[in-house]
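These notes are about the structure you will find just below.
The values are calculated or read from the model by the stated rules, or taken from the named source; none is laboratory data. Remember, predicted model here, so these are calculated numbers, not experimental data. A quick note on method: Cβ atoms are made from the backbone with ideal geometry, for glycine too, and the neighbour counts reach across all protein chains shown. Ligands, DNA and RNA are stripped out before the accessible areas are found, and what is left, the full protein with its side chains, is counted by its heavy atoms. Shrake-Rupley method; radii C 1.70, N 1.55, O 1.52, S 1.80 Å.
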Amino acid sequence: MKKRRLKFFALYGAIAICAFVLLSQSLYPPGGKPVISGERLHFSVIMPGADSSEYNMTELSDQMSEEYALDIELHALSTVAEQKQMLRLLALTEVDGVLLWPISANDDDYFMEISDLKEAGIPVVVVDRDVAQGVRASFVGSGTTSDLLVLDQSIRELEPGLTFMVGNQSGTGSNQMVELLLFQKGGFITDEIGQLQDKKLQQIAQAAPGGYQAVDYIRLEGESARSLMLKYELVKLFDGEDAPGLFFSLDDSLTTTAISAKKTTSGSEECGVMLLCYGKLSHHEDDLRSGCLNGLVTSRPEVSFYIGIRYLRDICRGFWVPETMDSGIDFLQGALNGENAA
């Protein structure tokens, strides 16, 4: 009888341990810490210093703090080095989650820091520019699926035989980098696609609309990627015999330089390069009204911020979140004659 009782208690104990393990797994999501019911979560947000002044994230974070019983701490930093340093410090703290709005789109700039946070049990959700895909918990950004729709709509206006180019800019100072990808129908796909660092460019290269293929890749780094040198590179591209019929800029700084290059191009009034660009309406409204800018894509950083904080909260509570989420875009056509949301 005593042996039976011991066996019974051993079996009961085994069941209890299994139940505890299953429960623990539900409370310990990948990259996340356990959360106690009613516990107030503490999140840190790392964002570019310039963008923090453009968008009133303080008001939004205060609203979410009250709505979801969170402590949200904002860090507006102006360089990649400052962002990386803050990520390293956060890995040593008791913060529950990190929302990263990276300055650079280069994985190498953040991979080790985000890996250390993951190892420390601190989930990282990335917004605006996707980095460290293998270790970040989720990415929320405008245009992850919408860009292809806008691009497909725009290239339908191209004359047969014309090419289009897509570009993005990342980093600051000596670490600046601009990547340009040329597309045409037919021809050979360039082997240099494997060198692409920007994930949006990778996505467009893999699923280019309208039967187009990536046939040439250009990378400008350091001094060559600064506004003045970059401008002259774009002038040469826009003014040459093989000028693209459309230039799609995925970055607001690159957009400003592309508009300046188009205005500088000889015979700019007859310049055939259509400009489809990401940017802020407050920066480019005059160019949109004049027709110099044919289409303006505006991102929704406040929406990305909101979803990102919600995802961090869900991860800490043991809920599943998508690997990527498109927060949508607004699309304004030239001369402000139309407006669409995607």
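Could you tell me which of rounded, prolate or oblate describes the range 92-232, using a ≥ b ≥ c as the square roots of the eigenvalues of the alpha-carbon gyration tensor, with rounded for a/c under 1.5 and, failing that, prolate when a/b is larger than b/c and oblate otherwise? Provide the component values of the computation, followed by the final result.
On the way: a/c = 2.50, a/b = 1.75, b/c = 1.43.
It is prolate, given that a/c is not under 1.5 and a/b is the larger ratio.
By the gyration tensor of its Cα atoms, with a ≥ b ≥ c the square roots of the eigenvalues, what is the shape of the range 163-241: rounded for a/c under 1.5, prolate for a/b over b/c, or oblate?
On the way: a/c = 2.46, a/b = 1.45, b/c = 1.69.
Oblate.
On full extension of the chain, what length is gained from D330 through S78, given 0.36 nm per residue of separation minus the C-alpha to C-alpha distance?
Details: separation 252, 0.36 × 252 = 90.72 nm, distance 2.63 nm.
Residue separation times 0.36 nm, minus the Cα-Cα distance, leaves 88.1 nm.
Determine the dipole magnitude for the range 227-337: charges of +1 sit on the beta-carbon of Lys and Arg, -1 on that of Asp and Glu, nothing else is charged, the reference point is the Cα centre, and the result goes in debye to the nearest 20. Show your work: numbers first, answer last.
On the way: 10 positive and 16 negative charges, 94 e Å.
Roughly 440 debye for the range 227-337.
Give me the extension gain from S290 to T145: residue separation times 0.36 nm, minus the current Cα-Cα distance, reported in nm with one decimal. Could you put the intermediate results ahead of the total?
Numbers: separation 145, 0.36 × 145 = 52.20 nm, distance 2.88 nm.
Answer, rounded to one decimal: 49.3 nm.
Counting only protein heavy atoms and using a 1.4 Å probe, what share of the accessible area of the range 41-117 belongs to carbon plus sulfur, as a whole percent? Intermediate results must be reported in sequence, preceding the final value.
Working: 1640 of 3370 Å².
Its accessible area is 49 percent carbon and sulfur atoms.
Give the peptides 310-317, 203-210 in descending order of average Cβ contacts within 10 Å, highest first. All intermediate terms of the calculation are to be shown ahead of the outcome.
Numbers: 310-317: 21.1, 203-210: 16.5.
Top of the packing list down: 310-317, 203-210.
Accessible area per residue, 1.4 Å probe, Å², for the range 257-327: what's the number?
Details: 3050 Å² over 71 residues.
In whole numbers, the range 257-327 has 43 Å² accessible per residue.
What percent antiparallel are the DSSP beta bridges of the range 246-330, to the nearest 5? It would help to have the intermediate numbers written out before the result.
On the way: 2 of 9 bridges.
Antiparallel bridges: around 20 percent, rounded to the nearest 5.
Can you compute the modelled spin-label distance between A207 and S174, with each label point 7 Å from Cα toward Cβ, in nm?
It is 3.9 nm.
For the range 125-228, what is the charge dipole size about the Cα centre, in debye to the nearest 20, if Lys and Arg each add +1 at the Cβ and Asp and Glu each add -1 at the Cβ? Intermediate values should be presented prior to the final figure.
Details: 8 positive and 13 negative charges, 45 e Å.
Approximately 220 debye in magnitude.
How would you classify the range 150-195 from its alpha-carbon gyration tensor, with a ≥ b ≥ c the square roots of the eigenvalues: rounded for a/c under 1.5, else prolate if a/b is greater than b/c, otherwise oblate? Walk me through the numbers on the way to the answer.
Values: a/c = 3.48, a/b = 1.68, b/c = 2.07.
Here the range 150-195 falls in the oblate category.
Quick check: at a probe of 1.4 Å, how many percent of the accessible area of the range 196-334 sits on carbon and sulfur atoms? Before the final figure, lay out each step's value.
On the way: 2740 of 5970 Å².
The nonpolar share, carbon plus sulfur, comes to 46 percent.
DSSP beta bridges in the range 103-253, what fraction antiparallel, as a percent rounded to 5?
70 percent
At 1.4 Å probe size, with every protein chain present, just tell me what the per residue accessible area of the range 104-151 comes to in Å². Before the final figure, lay out each step's value.
Numbers: 1510 Å² over 48 residues.
Per-residue value: 32 Å².
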